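The structure appears right after this line, and notes come after that.
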Amino acid sequence: MNDSPLTPKATVVSPSNIAFIKYWGARDLERAIPENASLSMTLDRCSSRTTVEHLPNGSDREGSGHEIRWRGSSGSLVAAPPSFADRVAAHLDRLRDWAGCGGAFRVATENSFPAAAGIASSASGFSALTLAVLESLGRQESDEVRSELSRLSGSGSASRSVLGGYVEWPASSSSAPKGSAGPVSYAAQVASAEHWDLRDVITIVESGPKDVSSLDGHKRARTSPYFEKRLQDLPARLDLVRRAIAARDFEILGPEIEREAIDLHMIAMTSRPAIFYWQPPTLAVLAAVRALRADGVAAFSTLDAGANVHVICRPEDEAQVADRLRAVQGVERLILDRVGQGPRVEAEHLF
Ligand code: PMV
């Protein structure tokens with residue numbers, strides 16, 4: 001641990017989230033200004049842990065000057081590949097400009113779950129990075145600014161991960177000019193984690209990286225002939241989901257979030273070129289969830305941009321849901337997750 005004020009270091013653990021109403025399609029992809037409002041449940045166990053050290057005098061390294069490592073398959077911290085490091089470096093530059101602090105950053109990060117497998121690793125990763133940078137600079141910012149800065153990473157869903165419980169990110173953003181400093185599109189909590197204990201039985205059928213990134217998915221969304229229709233339908237769906245959460249009404253929430261996930265994948269499948277995130281075991285899991293319901297167990301599926309299925313249920317049904325899903329052919333493993341409290345600062349650093 002290095003407590004020298006000249007090289008301030010901070011570690012943040014930030015959770016992933018599962019969207020009940022999905023962000024899909026952007027009005028401004030670079031700044032992640034969404035076409036539609038979204039609403040998610042912040043998770044607890046699926047998280048990214050990121051340590052950031054600010055080097056006020058920069059470093060001797062070539063290029064961006066930042067040093068970016070991640071936990072490699074060997075178990076040790078290794079230089080992150082350019083596909084990841086370039087995005088991180090771009091965000092570090094952005095945050096440095098915003099803070100007007102100069103210098104460079106040393107970063108190390110690890111996930112508690114497989115990256116790029118449809119478990120929103122970019123949401124936890126970029127919110128953890130943003131918040132750790134703010135901490136390392138000693139900046140105490142409002143939730144709005146923390147959400148806004150996380151969103152500017154380009155991973156829009158990161159804007160929701162800065163808060164715990166149930167979080168809405170409105171579509172409406174200001175007409176503020178590009179590069180505007182103030183918050184223009186940020187998420188807000190609609191209910192705390194204590195308000196409603198829901199479980200997410202994350203059913204991993206594919207732990208490798210997906211073929212098409214969500215960024216490419218956002219780009220293609222408008223090429224689907226059904227995209228406009230989706231935009232028209234979403235406000236009513238969002239309202240229903242928001243009210244179901246307020247009333248803790250799972251009979252309303254469950255069917256609506258499953259419809260929403262199918263809708264998103266229908267848009268992906270009808271985009272040009274088409275995107276198929278589902279794998280054969282994905283369909284088997286969706287069928288198993290329907291079979292659970294036929295047996296009287298209230299469980300509902302939702303999927304982000306990937307093959308894995310998040311099965312949402314009440315605490316009392318979690319064990320039964322998990323037992324059934326574990327037995328489905330093609331299921332690699334389950335992560336038993338639940339609604340969580342949001343990010344936290346930790347005293348123990350990764351380097
Ligand atoms: O935040 P991005 O650019 O990784 O996009 C997230 C897209 C979905 O996970 C499919 C939906 C969502 O709202 O989280």
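The values are calculated or read from the model by the stated rules, or taken from the named source; none is laboratory data. These numbers were taken from a predicted model, which means no experiment stands behind them. Here the Cβ positions follow ideal geometry from the backbone for every residue, glycine too, while neighbour counts run over all protein chains shown.
Observations, loosely collected:
- Within the stretch 117-172, being basic (Lys, Arg) and either surrounded by fewer than 24 Cβ atoms within 10 Å (Cβ to Cβ) or without any contact (Cβ under 8 Å) to a residue 60 or more places away in the chain (or both) holds for ARG139, ARG146.
- Listed by first and then second residue, the pairs with beta-carbon distance under 7 Å, at least 6 apart or on different chains, first residue in the stretch 316-335 and in contact (Cβ under 8 Å) with a residue 40 or more places away in the chain, second of a type in the set (S, T, N, Q) and assigned to a loop (DSSP other than H, G, I, E, B), are GLU332/SER207.
- Exactly one residue out of ARG27, ARG49, ARG45, ARG31 is under 20 Å from the mean Cα position of the chain (by Cα), outside any loop (DSSP other than H, G, I, E, B) and surrounded by 16 or more Cβ atoms within 10 Å (Cβ to Cβ): that is ARG49.
- Qualifying residue in the stretch 178-192 (condition: under 27 Å from ARG272 (Cα atoms) and surrounded by fewer than 15 Cβ atoms within 10 Å (Cβ to Cβ)): no
- Of the set (1) touching a Phe, Trp or Tyr at 6+ places or on another chain (Cβ under 6 Å); (2) part of a helix (DSSP H, G or I), all apply to ARG243 but (1).
- Pairs meeting the criteria (first residue in the stretch 216-237 and closer than 12 Å to ARG272 by Cα, second residue away from the ligand (no atom under 16 Å from the Cβ) and not aliphatic (A, V, I, L, M), beta carbons under 6 Å, at least 6 apart or on different chains) are THR223/ARG272.
- Residue among GLY330, GLY254, GLY342, GLY306 that is surrounded by 15 or more Cβ atoms within 10 Å (Cβ to Cβ) and modelled with pLDDT under 95: GLY306
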